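The values are calculated or read from the model by the stated rules, or taken from the named source; none is laboratory data. Keep in mind it's a predicted model, so treat the numbers as computed, not measured. FYI the Cβ positions are ideal-geometry reconstructions off the backbone, even for glycines, and counts take in every protein chain you see.
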Amino acid sequence: MRSAVNDRKRSEVLGSALDGVRRAGVPGVYAEVRDAGRVWQGAAGVADVETGTPVEPGMAQRVGSITKTFVAAAVLQRAERGDLQLDAPIGRYLPRLVPGGRGQRITVRMLLNHTSGIAEYLPAAFPSLGGFPSLPDVSPESLDGNRFTYFPPAELIRMGLAAPPTGEPGGSPGVYSNTNYMILGRLLEHVTGATAEGYVTRHVIERAGLRNTAFPGGPRIEQPHPRIYESFFGMIDPPRDYSVYDMSWVRTAASLVSTMEDLNTFYGLLLCGEIVGLSLLAEMHRTVPVRAHTGEIIDYGLGLQRVEIPGGGTCWGHGGTVWGATTMSLTRDDGRRQMSITTNLARWNRPDASGRPRPHPIDAALAAFSRQVMGPRSRGGSRA
């Protein structure tokens with residue numbers, strides 16, 4: 001009886017915290033929490049602001065840069081097989097794609113942990129974004145103009161390589177760049193003879209037994225999903241629906257579709273050595289400081305981010321953002337607690353006078369939910 005009462009109270013507390021995210025300003029939010037074998041799923045808000053259809057916890061979502069962990073796992077699998085070496089220069093494998101001295105100085109590891117010094121291609125692919133992400137003279141025009149644009153991966157990589165380097169190879173802090181993971185996709189194709197998406201599907205997604213995770217086959221999500229709304233730092237008001245979008249602009253950097261259940265399953269298996277062997281999993285955990293698109297410094301390993309939750313200790317996982325959706329998946333370092341949470345709104349922070357995003361109540365509500373999930377259990381058992 002006491003366990004049932006505690007579980008009911010726990011569910012109420014988590015549901016209230018999740019609803020706090022909705023009240024802070026997102027149309028819809030949903031999550032799955034796992035705690036020592038117990039599973040809680042919840043949702044708050046709407047999947048469609050026009051119809052008022054409720055969002056549901058089992059819905060699929062574009063999970064953005066969480067894709068990078070899947071791709072990193074695939075690369076490390078090939079390293080286990082001896083098909084590539086983490087500290088070998090990328091020019092050894094792809095001399096035409098990354099030619100000359102640059103190809104000889106940048107290693108596979110530097111691509112994985114964003115210390116390559118290769119710049120982000122987004123400002124060139126979406127030119128009206130101005131100085132993304134610093135926001136001067138920003139316009140959302142390219143977002144609409146490129147809804148159905150096909151971007152060849154080689155062209156995106158060329159854009160990143162043509163931009164001024166963000167630093168010396170191996171320098172600190174690194175600078176987060178999608179170009180790195182586009183190159184890693186081509187590396188996978190070189191060493192496997194398969195498409196990168198096909199290899200990741202067969203050897204990571206299927207190996208983990210994920211039933212609702214896939215690279216998109218077109219601009220539409222096939223599984224039940226919410227509409228996703230982009231605010232673009234307040235410049236699109238009201239936020240616009242970007243549910244239908246050609247994801248070739250991010251491919252192996254950020255195009256996966258998944259569910260919160262699948263993400264928890266994936267990270268749970270990965271972090272206990274079921275996807276990548278323990279030796280190379282330890283390499284994934286070796287972090288370096290990396291400057292994110294937001295300007296903050298994060299602790300980044302090989303496709304894996306370390307996050308410290310106040311009162312909850314160290315967690316591992318990754319976040320992801322696409323036009324209209326924001327997702328985070330974290331697993332506590334003892335493996336006992338997990339959370340995956342997503343919103344169908346993105347870039348809600350309006351810029352300050354210097355062009356940097358200002359804090360928003362949504363940020364505080366998401367942080368509160370994370371603390372509630374990952375923090376220590378109270379005597380009454382109300383925490384997850």
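Quick check on the stretch 188-207: of everything there that is among the small types (G, A, S) and over 15 Å from V257 (Cα atoms), which residue is surrounded by the fewest Cβ atoms within 10 Å (Cβ to Cβ)?
Let us first name the residues in the stretch 188-207 that are among the small types (G, A, S), namely 193-194, 196, 198.
Add one more test, that the residue is over 15 Å from V257 (Cα atoms), and what stays is 193-194, 196.
Working: G193: 8, A194: 14, A196: 24.
For the stretch 188-207, the residue satisfying everything is G193.
Only strands (runs of 3 or more DSSP E) wholly contained in the stretch 262-354 count here; list those with 2 or more residues that are surrounded by fewer than 21 Cβ atoms within 10 Å (Cβ to Cβ) and charged (D, E, K, R).
Qualifying strands (runs of 3 or more DSSP E): 305-309.
Collect the residues in the stretch 100-116 that are touching a helix residue (DSSP H, G or I) at 6+ places or on another chain (Cβ under 7 Å) and assigned to a loop (DSSP other than H, G, I, E, B), keeping them in residue-number order.
I106, H114, S116, listed by residue number.
Per-residue answers, yes or no, for (1) buried (at least 19 other Cβ atoms within 10 Å of the Cβ); (2) assigned to a loop (DSSP other than H, G, I, E, B); (3) at pLDDT 95 or above:
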{"position": "D48", "(1), (2), (3)": "no, yes, yes"}
{"position": "R92", "(1), (2), (3)": "no, no, yes"}
{"position": "I118", "(1), (2), (3)": "yes, yes, yes"}
{"position": "A124", "(1), (2), (3)": "no, no, no"}
{"position": "P133", "(1), (2), (3)": "yes, yes, no"}
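Would you mention how many residues in the stretch 182-234 are without any contact (Cβ under 8 Å) to a residue 60 or more places away in the chain and of a type in the set (A, V, I, L, M)?
Count: 3.
Could you list, in sequence order, all residues of the stretch 73-90 that are assigned to a helix (DSSP H, G or I) and of a type in the set (D, E, K, R)?
R78, E80 - these are the residues of the stretch 73-90 that are assigned to a helix (DSSP H, G or I) and of a type in the set (D, E, K, R).
Restricting to the stretch 300-333, name every residue that is more than 19 Å from V276 (Cβ to Cβ) and acidic (D, E).
Answer for the stretch 300-333, where residues must be more than 19 Å from V276 (Cβ to Cβ) and acidic (D, E): just E308.
Quick test of your reading of the structure: S142 fulfils all but one of (1) touching a helix residue (DSSP H, G or I) at 6+ places or on another chain (Cβ under 7 Å); (2) in a helix (DSSP H, G or I); (3) modelled with pLDDT of 95 or more; (4) closer than 24 Å to F215 by Cβ. Name the failing condition by number.
Of the numbered conditions (1) touching a helix residue (DSSP H, G or I) at 6+ places or on another chain (Cβ under 7 Å); (2) in a helix (DSSP H, G or I); (3) modelled with pLDDT of 95 or more; (4) closer than 24 Å to F215 by Cβ, the odd one out for S142 is (3).
Between A79, A43, A72, A31, which is within 30 Å of T252 (Cα to Cα), touching a Pro at 6+ places or on another chain (Cβ under 6 Å) and buried (at least 21 other Cβ atoms within 10 Å of the Cβ)?
Among A79, A43, A72, A31, only A43 is within 30 Å of T252 (Cα to Cα), touching a Pro at 6+ places or on another chain (Cβ under 6 Å) and buried (at least 21 other Cβ atoms within 10 Å of the Cβ).
Quick one: which of R356, R350, R306 is touching a Ser or Thr at 6+ places or on another chain (Cβ under 9 Å), charged (D, E, K, R) and within 22 Å of A74 (Cβ to Cβ)?
R306
A quick yes/no check of all residues on (1) touching a Gly at 6+ places or on another chain (Cβ under 7 Å); (2) touching a residue at least 12 places away in the same chain (Cβ under 8 Å):
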residue	(1), (2)
L86	no, yes
P89	yes, yes
R96	no, no
Q104	yes, yes
S116	no, yes
P127	no, yes
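Tell me which residues, restricted to the stretch 57-66, are part of a helix (DSSP H, G or I) and either among the aromatic types (F, W, Y) or under 18 Å from G268 (Cβ atoms) (or both).
Selection gives I66 alone.
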